[in-house]
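Encoded as structure tokens, here's the structure I'll be asking about.
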Amino acid sequence: MRRAALIAALGIGACADSSHLGPQERLSQTGLYADIAAGKTMDDLVEYRPAYPLWADGADKRRWMRLPPGARIDTSDPDHWRFPVGTQFFKEFSEGGVPLETRVIERVADTGNDQIDYWMGAFVWKRDGTDAILAPGGAHNVNASQHDVPSQADCWSCHMGEPGHILGFSRVQLSHDDGVNVEWLERHRLLGAPLGEPYAIPGDATTAKALGTLNANCGHCHNPNGVAWPDVQMVLRLSGNERTVADTLIVKTTVGVRAVTRTTPARALRIAPGKPDESAVFHRMGRRGDRDQMPPLATKIRDLRGLTAVADWIRSLERR
């Protein structure tokens, strides 16, 4: 099933219509800034960074999270955190110090219907930097840049693959050594259940970098809950119980596994050990502007660093 048809079948388009009725039309109304003109954010926000950021065509990014007072994150499932009503996440995209877009996700209710319980929207900054305006349908080439802003339906197509609907704020992504990490969250009593030791991606440095890259850029769609699952049934997401490289579903569903979708030119295997150029996953990561492109939206420029990481790992497989 083509992506657009699948999104329609899942009812995500209807969510976009209802979410346009959300309470905020301007970024200054969302609670991110104490003084938006001065760039001063609110004091109760937690700024964080993931170990492996999602590629965004080279844009600079800042990220913040806010929990309601006294609330904790439900970490009873260590791999899939769930957030209480009132939780907000913000992500700002900028180039050369000039803000282009800020995305907001808020848990607004607890009805059991995720598309009612979560509000998602992207705000496009004015050229003068005084505020940003909600863009339900997205935007292209914001403020004369190459940066595109996703629609609310596109936001859902990626975030639906994670049960808690937040990407980049997880055990895997926050198991790094500095700043806001798993240990920091536990020390500040923000986690409902302790997680124990931080998660270390298995394998040597080459392998860990590649698996982390795939998890960050592909895992939200390529998992049993993701939009790509019905067509491909390939897992590119890491789990904290995967302690060896061979245990990872990334390896089990890609290395030496026949590709089930057509690429141009055709590549028979998802990952062909030792041969990046013959690997369908690597090929599609490097495509832009056609049906083979992966990720299929929100990027026009190839992620050269990510491609190098995955190519180095594929080459290393020939020696094992």
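Every number here is computed from the coordinates shown, using simple stated rules; none is lab data. Computed from a predicted structure; not experimentally measured. Virtual Cβ from ideal backbone geometry, glycine too; neighbours counted across all protein chains shown.
What spacing in nm lies between the two simple spin-label points modelled at Glu95 and Asp290, each 7 Å away from Cα in the Cβ direction?
Modelled inter-label distance: 2.5 nm.
Give the calculated FRET efficiency between Val85 and Asp231 to the nearest 0.05, with a Förster radius of 56 Å applied to their Cβ-Cβ distance.
Once the sixth-power term is evaluated, E becomes 0.95.
With a 10 Å Cβ neighbour count serving as the proxy for reagent exposure, in which order, fewest first, do Thr206, Thr130, Thr75 appear?
Ordered by Cβ neighbours within 10 Å, fewest first: Thr130, Thr206, Thr75.
Is there a pair in Lys275/Lys300; Lys61/Lys91; Lys40/Lys91 whose C-alpha atoms are over 18 Å apart, and which pairs would that be?
Numbers: Lys275/Lys300 25 Å; Lys61/Lys91 7 Å; Lys40/Lys91 15 Å.
Long pairs (Cα-Cα over 18 Å): Lys275/Lys300.
Normalised radius of gyration for the range 3-159, please: alpha carbon Rg relative to 2.2 N^0.38 Å, two decimal places.
1.04
Can you order the peptides 216-224, 270-278 by their average number of other Cβ atoms within 10 Å per residue, highest first?
Taking the mean over residues of other Cβ atoms within 10 Å, the ranking is 216-224, 270-278.
When the distances between all Cα atoms of the chain are binned every 10 Å from zero, what whole-number percent does each bin get?
Over the chain, the share of Cα pairs per 10 Å bin runs 6, 26, 35, 26, 8, 1 percent.
Here's something else I'd like to know. Taking 1 over the mean of 1/r across every pair of different Cα atoms in the range 115-218, what Kirkwood radius in Å do you get?
16.7 Å
Please state, as a whole number in µm²/s, the translational diffusion coefficient that the Stokes-Einstein equation yields for the range 202-317 at 20 °C and 1.002 mPa s, with Rh defined as the Kirkwood radius across alpha carbon pairs. Numbers along the way, then the final one.
Details: Rh = 14.0 Å.
Answer from the Stokes-Einstein relation: 153 µm²/s.
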